[in-house]
Amino acid sequence: MSIKPINSILFVCLGNICRSPLAEGVFRTVWAERGQGRHMLLDSAATSGWEVGSAPDPRSIAVAMRHGIDISGQRARKVLREDFSRFDLILGMDRSNVADLKALAPARDRVHLFLEFAHGQARDVPDPYYDGPEAFAEVYRMIREASEALATRLAARVSLPDSGQASSTI
């Protein structure tokens, strides 16, 4: 049995204005910096509908811009039922997001906690919304490190020979 390649990732948080748009933008940048030859469909969404249509939080935009990443054109949207068939991997920023996603998910095996899936740390990416710029900087750092680890795992997964064996790399 071969392992299906991951060609699409949806990043999810509560409102889709702080963490998940940042994760989408950062991972897009990391993937491009590594010169990956294959196309990767990336998007972000919310488990709630409170912010639908809103731009990312100005503090997320600012921290991304400090690192040369423009997320200002993104708009918040709510997770749709069809996202569970459209995306190979759905990464919640915290355990609450993952629980909400699994309650909706027909394909629960696609839903994971971002930091745990990326590099084995069963930790949440904390919501910086009620905190200051330093919290957004810390969230950026966590997302950048996880995005680097995720890109490494996905690149290694693609380069594995099809031996007919299941792999625990992803």
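Just so it is clear, none of the values below were taken in a lab; they were calculated from the coordinates. Predicted model only: the values in this text are computed from it and were never measured. A quick note on method: Cβ atoms are made from the backbone with ideal geometry, for glycine too, and the neighbour counts reach across all protein chains shown.
If I take every Cα pair under 8 Å that is 6 or more residues apart in region 23-82, average their sequence separation and divide by the length, what percent do I get for the relative contact order?
This gives 42 percent for region 23-82.
Where the centre of each part is set by its Cα atoms, how far does region 104-134 sit from region 53-72, in angstrom?
With region 104-134 and region 53-72 each reduced to a Cα centre, they are spaced 19 Å.
Short version: ³J(HN,Hα) in whole Hz for each residue of region 123-138, in order, from phi by Karplus 6.51 cos²θ - 1.76 cosθ + 1.60 (θ = phi - 60°), x for Gly and Pro, what are they?
Going residue by residue, I get 10, 7, 8, x, 6, x, 3, 8, 10, x, x, 5, 5, 5, 5, 5 Hz, with x marking Gly and Pro.
List the GluC sites (Glu not before Pro) within region 22-106 that DSSP assigns to loop and that have no more than 11 neighbouring Cβ atoms inside 10 Å.
When the GluC sites (Glu not before Pro) of region 22-106 are filtered for loop state and at most 11 Cβ neighbours within 10 Å, 82 remain.
In nm, to one decimal, how far is the modelled label at residue 155 from the one at residue 75, with both set 7 Å along Cα→Cβ?
3.5
So what is the calculated 222 nm ellipticity per residue for the chain, using -39500 (n - 2.57) for each DSSP H run with n of 4 or more, over all residues, to the nearest 500 deg cm²/dmol?
-13000 deg cm²/dmol
Taking a ≥ b ≥ c as the square roots of the Cα gyration tensor eigenvalues, with a/c under 1.5 meaning rounded and otherwise prolate when a/b beats b/c, else oblate, which class fits region 6-98?
In terms of gyration-tensor shape, oblate.
Assigning unit charges at the beta carbon (Lys, Arg +1; Asp, Glu -1) and nothing else, what dipole magnitude in debye, to the nearest 20, does the chain show about its Cα centre?
380
Report the relative contact order of region 57-122, percent, no decimals, based on alpha-carbon pairs under 8 angstrom and at least 6 residues apart.
The normalised contact order for region 57-122 reaches 25 percent.
Pop out the ³J(HN,Hα) list for region 20-29 in order, Karplus 6.51 cos²θ - 1.76 cosθ + 1.60 with θ = phi - 60°, rounded to Hz; leave Gly and Pro as x.
Using θ = phi - 60°, the values come out as 5, x, 5, 4, 4, x, 5, 5, 4, 5 Hz.
Search the structure for amide H atoms under 5 Å from the amide H of residue 44, placed 1.01 Å from N in the peptide plane, and list their residues when 5 or more places away or on another chain.
HN-HN under 5 Å from residue 44: 11.
So between residue 42 and residue 62, what do we pick up on full extension, going 0.36 nm a residue minus the alpha carbon distance? If you can, show how the numbers build up before the last one.
On the way: separation 20, 0.36 × 20 = 7.20 nm, distance 2.07 nm.
Full extension of this stretch gives 5.1 nm more.
What is the mean projected area of the alpha carbon convex hull for the chain, to one decimal in square nanometres?
On the way: hull surface 37.6 nm².
Average of the hull's projected areas for the chain equals 9.4 nm².
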